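**Q** Have a look at this one before I ask anything.
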Amino acid sequence: MIAGGMNDAASINTDLLRSVFRTGKWWYLTVLIAGSVMLAAGAAFLYQAYVGIAVAGINRPVYWAFYITNFVFWIGISHAGTLISAILRVTGAEWRRPITRCAEAITVFALMIGALFPIIHLGRPWLFYWLVPYPSERGLWPNFRSPLAWDFFAINTYLTGSIIYLYLPLIPDLAMLRAKSKGIRRRIYSLLSLGWSGTPLQWHRLERAVRIMAVIIIPVAVSVHTIVSWDFAMAIQPMWHSTIFGPYFVVGAIFSGIAALIVAMAILRKVFHLEAYLKPVHFNNLGLLLLTMSLLWFYFTFSEYLTGYYGNEPAEMQIFWSKVSGPYSPLFWAMVVCCFIIPVPILAFKKLRTITGTLIASTGIVIGMWLERFLIIVPTLAAPRLTFNWGHYRPTWVEILITIGTVAYFIFLYAVFTKLFPIVAVWEYKEGIRPPHTSMEPTQSEATAAVSAD
Amino acid sequence: MADETVEKLTAIIDSPLQAQEATAELYEEGFAREDITVMSAEPLPAFMSEFDSRSRGGATLLVIGGGFAGAFAAVALTVWTAKRMGLVTGGMPIVTPWAFGIIVYELIALGAILTTLVITVYEAGLLRSAQPSPEVDRAIADGKVAVAVRCPTEISRSVAEAIFAKSGAQVY
């Protein structure tokens, strides 16, 4: 279909399906290490469940700390897919094609991991089903007025939508894998491809479905992180009860999501030799988006802190100074450096906005945004309005190990995904590079030659 | 009387342009649209354009309907069950539009998402149609276009074979 040269279908298939059909030693090593860390984190969680939540550092007054930070962090990371895949699809940005699946996979896995933390956070996680609304002798019913109940519906809707949004465009590639596989693998791909044969009707319906999904998923993504922000903003806690939290969290989520996507892309490009597909232009364009989000993030953060500072309310100022110059100041200024001071110069100048440059900026941003979530949660809880209740927080090895374990879990899921499915959407990529004259209209020369032959 | 053996011929053609020419010739020779199936590993706009006019707004209406179904489910789950349970709220309203509205919003989206999935699977014939044979499947995966034609008579079979031979197609 795509005539000759590097872009012919055979070489594209070889390149993009290489990760599925060939397994290098680095893949095994990655899965081994990630799997071991995951198991260790799982053991830490079981230890916590057995001994009690006291083995974590959370206690009055800081009853939300690492786990809720991770919850908000991972939900934020999940916004990568929505922005890159959905928004760029709706706006017709053709350069998105090689990176959509990478982004959509990040969304699904980040959401799955984020959704674990409310359960990890339970003192008796084996009773999590008590939260499910079904009539029982306990006489409990969810409090639908609680932002935590809204979280449940928002995250599950987003997760369902993201899984479907990842799966639908995957179907044609599953059919391709079905054709090229043998044995049990072929059977699995046959099942997953739902009998896809690539008829024009199927293509039409698929593209229509993806267009509709792209439009639906964007407001869902915005609502998810807005609702997550309301877990804090709806509480009348100093420096939490802010009307700006909704858009602030959404901007932060998109910010961290793009950064995580760039990190993932840089690694995949290197590991799977996708230099011809994940090109400097992709990193450049994502870098420009990241620059925009960095500036927006800074604007929201500045507004938030300036408003608190100008109001000079004692309870708020206590927390303000604890972050700016008090015990949390190293983390606060590290956040500013990671999210603004380092990324903006790198991303603002084209000479520095290379793959390496954007990777450095993005790594810093991912770290900085985790710190941002931590600094939103912990300092406020450590210094509530009633001073007798002030406390402090130190994470324990259990929380640290579980946090690291979720990163390992993400890497593990991603590694398994790249083993089973092509990380670049093959059909979408081919569709994007099809030269205009092969869109089935005969060229002028072909038409003239046909007339001459007659 | 002509032989009425119904047979399906599948031709593997190198390029979409040749496939388009072959199908145009098949139409000219009297083959019905429903008897011709084109299969490819990427979307072919020339073959898809006929479906744009056929499905104006139908799917969108169904998706909106799915959203309404989601809204109804949300109201049933939240408002109706909360009232039926007789929640003790200390005088606070059991139903607060702002709060319940958020859950209705999410389930509208969920209803629309699930409806999109269902109508896509149904209209595309997924789960109902047979996948191509392994040889044809492999050829499609390698970038070729498969054109399958139903030949109700021996004469139509010969005509189809001649058209495919002109395209240099491999016929199964």
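**Q** Which is more than 8 Å from chain B (Cβ to nearest Cβ), farther than 21 Å from B:GLY65 by Cα and buried (at least 19 other Cβ atoms within 10 Å of the Cβ), of A:TRP230, A:TRP196, A:TRP150, A:TRP203? If you could, list the steps in order and put the result at the bottom.
**A** Values: A:TRP196 fails: more than 8 Å from chain B (Cβ to nearest Cβ); A:TRP150 fails: more than 8 Å from chain B (Cβ to nearest Cβ); A:TRP203 fails: more than 8 Å from chain B (Cβ to nearest Cβ).
Sole residue among the options that is more than 8 Å from chain B (Cβ to nearest Cβ), farther than 21 Å from B:GLY65 by Cα and buried (at least 19 other Cβ atoms within 10 Å of the Cβ): A:TRP230.
**Q** For the stretch A:169-193, which positions are in a loop (DSSP other than H, G, I, E, B) and either modelled with pLDDT of 95 or more or among the polar types (S, T, N, Q) (or both)? Before you say what the answer is, go through the steps one by one.
**A** Step one: list which residues in the stretch A:169-193 are in a loop (DSSP other than H, G, I, E, B), which gives A:181-182, A:193.
Answer for the stretch A:169-193, where residues must be in a loop (DSSP other than H, G, I, E, B) and either modelled with pLDDT of 95 or more or among the polar types (S, T, N, Q) (or both): A:SER181, A:SER193.
**Q** Now for a different question. Determine which single condition A:ARG208 fails, assuming it passes every other condition in (1) farther than 20 Å from A:ALA154 by Cβ; (2) surrounded by fewer than 19 Cβ atoms within 10 Å (Cβ to Cβ); (3) facing another protein chain (nearest Cβ under 10 Å).
**A** Result: A:ARG208 fails condition (2) only.
**Q** Another one. Given B:SER158, B:SER129, which one is among the polar types (S, T, N, Q) and outside any loop (DSSP other than H, G, I, E, B)?
**A** Working: B:SER129 fails: outside any loop (DSSP other than H, G, I, E, B).
Being among the polar types (S, T, N, Q) and outside any loop (DSSP other than H, G, I, E, B) holds for just one of B:SER158, B:SER129, which is B:SER158.
**Q** State all residues of the stretch A:46-104 that are in contact (Cβ under 8 Å) with a residue 24 or more places away in the chain and charged (D, E, K, R); if no residue qualifies, say none.
**A** A:ARG60, A:ARG89, A:GLU94, A:ARG97, A:ARG101, A:GLU104, listed by residue number.
**Q** Also: Select, from A:LEU83, A:LEU32, A:LEU16, A:LEU46, the only residue that is in a helix (DSSP H, G or I) and either under 30 Å from A:THR387 (Cα atoms) or over 26 Å from the mean Cα position of the chain (by Cα) (or both).
**A** Result: A:LEU46 is the single residue among A:LEU83, A:LEU32, A:LEU16, A:LEU46 that is in a helix (DSSP H, G or I) and either under 30 Å from A:THR387 (Cα atoms) or over 26 Å from the mean Cα position of the chain (by Cα) (or both).
**Q** Moving on. Quick check on this structure: which one of A:LEU286, A:LEU261 is hydrophobic (A, V, I, L, M, F, W, C), touching a Ser or Thr at 6+ places or on another chain (Cβ under 7 Å) and in contact (Cβ under 8 Å) with a residue 60 or more places away in the chain? Break it down stepwise before answering.
**A** Numbers: A:LEU261 fails: touching a Ser or Thr at 6+ places or on another chain (Cβ under 7 Å).
Checking each option against the conditions leaves just A:LEU286.
**Q** May I pose another question? Could you check, for the stretch A:127-146, whether at least one of its residues is on the phi < 0 side of the Ramachandran plot, at the interface with another protein chain (Cβ under 9 Å from one of its Cβ atoms) and assigned to a helix (DSSP H, G or I)?
**A** Among the residues of the stretch A:127-146, not one is on the phi < 0 side of the Ramachandran plot, at the interface with another protein chain (Cβ under 9 Å from one of its Cβ atoms) and assigned to a helix (DSSP H, G or I), which makes the answer no.
**Q** Okay, next question. Taking B:ALA148 as the residue in question, decide whether it is part of a helix (DSSP H, G or I) and more than 8 Å from chain A (Cβ to nearest Cβ).
**A** Values: part of a helix (DSSP H, G or I): no; more than 8 Å from chain A (Cβ to nearest Cβ): yes.
For B:ALA148, the condition - part of a helix (DSSP H, G or I) and more than 8 Å from chain A (Cβ to nearest Cβ) - is not met.
**Q** Quick one: B:ALA71 ticks every box in (1) in contact with a Leu (Cβ under 8 Å, 6 or more places away or on another chain); (2) at the interface with chain A (Cβ under 10 Å from one of its Cβ atoms); (3) in contact (Cβ under 8 Å) with a residue 40 or more places away in the chain except a single one, so which number is it?
**A** So B:ALA71 meets the others, but not (2).
**Q** Just need a number here: residues in the stretch B:120-142 that are surrounded by fewer than 21 Cβ atoms within 10 Å (Cβ to Cβ), over 18 Å from the mean Cα position of the chain (by Cα) and not hydroxyl-bearing (Ser, Thr, Tyr). Write out each step before concluding.
**A** Restricting attention to the stretch B:120-142, the residues satisfying the condition of being surrounded by fewer than 21 Cβ atoms within 10 Å (Cβ to Cβ) are B:121-123, B:125-131, B:133-135, B:138, B:142.
Next cut, over 18 Å from the mean Cα position of the chain (by Cα) only: B:133-135, B:138, B:142.
Adding the requirement that they be not hydroxyl-bearing (Ser, Thr, Tyr) leaves B:134-135, B:138, B:142.
The number of residues fulfilling the criteria is 4.
**Q** Can you list residue pairs whose Cβ atoms sit under 7 Å apart, with the first residue in the stretch B:148-171 being modelled with pLDDT of 85 or more and the second being among the basic types (Lys, Arg) and crowded, with 16+ Cβ neighbours inside 10 Å? Count only pairs 6 or more apart in sequence or on different chains.
**A** That search, which allows pairs on different chains as well, returns B:CYS151/B:ARG157.
The values are calculated or read from the model by the stated rules, or taken from the named source; none is laboratory data. Since the model is a prediction, treat every value here as computed from it, not as a measurement. A quick note on method: Cβ atoms are made from the backbone with ideal geometry, for glycine too, and the neighbour counts reach across all protein chains shown.
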